Amino acid sequence: MAADLPQGIARQLPPGYRAIASVSAAPAASRRFQFVALEARKGSARLATGPSGPRPLLIFEKLKSGRYVLRARNDGVIFRSDEGGAGGCDPFESHGIAVRGRYITVEHDVACGAHWTDYVTFRFDLRSGDYVFDNLRFQSWSMSNDPKAEALVPEPVRIVRARGRPVPFAKWKRP
């Protein structure tokens, strides 16, 4: 994945990490961003704190000169590989990051033992020129006891929306 990154970004990755996903976003006519998801390399000292280390999500902005500048980092947006629940599944295994217009969504899902999705969305705020928290959507499914029903029954979707003052991407924490 690091080979797919522009050299200006690859040189700025923190030591001990490797890129596992990357997407581009152009939320405003004159602004270009690259979102890069990282994880600790095998054998890295970063993994010494437990079975899996944090997975930082970085936002780089491409300047008119072509240079990339790190604008923000958040180590809590992407779940760690061992945060999939009792089944031990990796909730970011599919490396889902979706971009649509001014919005970017990090998609987590698990379907082994437990069944759930967790989507956290940030939007580009034109006033501040930064990405800010927009919403978090969580849904789980449970096994049905009814032989005539579907095997999995959806629970209600839980939504946490941004309220009041915008929370910048770098300062957002899971509720």
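Derivation of every value follows stated rules applied to the coordinates shown; laboratory data play no part. From a predicted model like this one, the values you see are computed outputs, not experimental measurements. Here Cβ is always computed from backbone atoms with ideal geometry, including for glycine, and neighbour counts include all displayed protein chains.
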Which value at 222 nm does the chain reach when only helices count, each DSSP H run of 4 or more adding -39,500 (n - 2.57), with the total divided by all residues and rounded to the nearest 500 deg cm²/dmol?
-> -500 deg cm²/dmol
In cubic angstrom per residue, the convex hull of region 2-171 built on its Cα atoms measures 133
How would you order 9-16, 150-157 from highest to lowest mean count of nearby Cβ atoms within 10 Å?
-> 9-16, 150-157
Proximal lysine pairs, the chain, alpha carbons under 29 Å, eight or more residues apart or interchain | 5
If you add up the charges near ILE78, with Lys and Arg at +1 and Asp and Glu at -1, over every other residue whose beta carbon is less than 9 angstrom from its beta carbon, what do you get?
-> 0
Loop-located trypsin sites (Lys or Arg not before Pro) in region 107-173 whose Cβ has at most 10 other Cβ within 10 Å (DSSP) | ARG127, LYS148, ARG163, LYS173
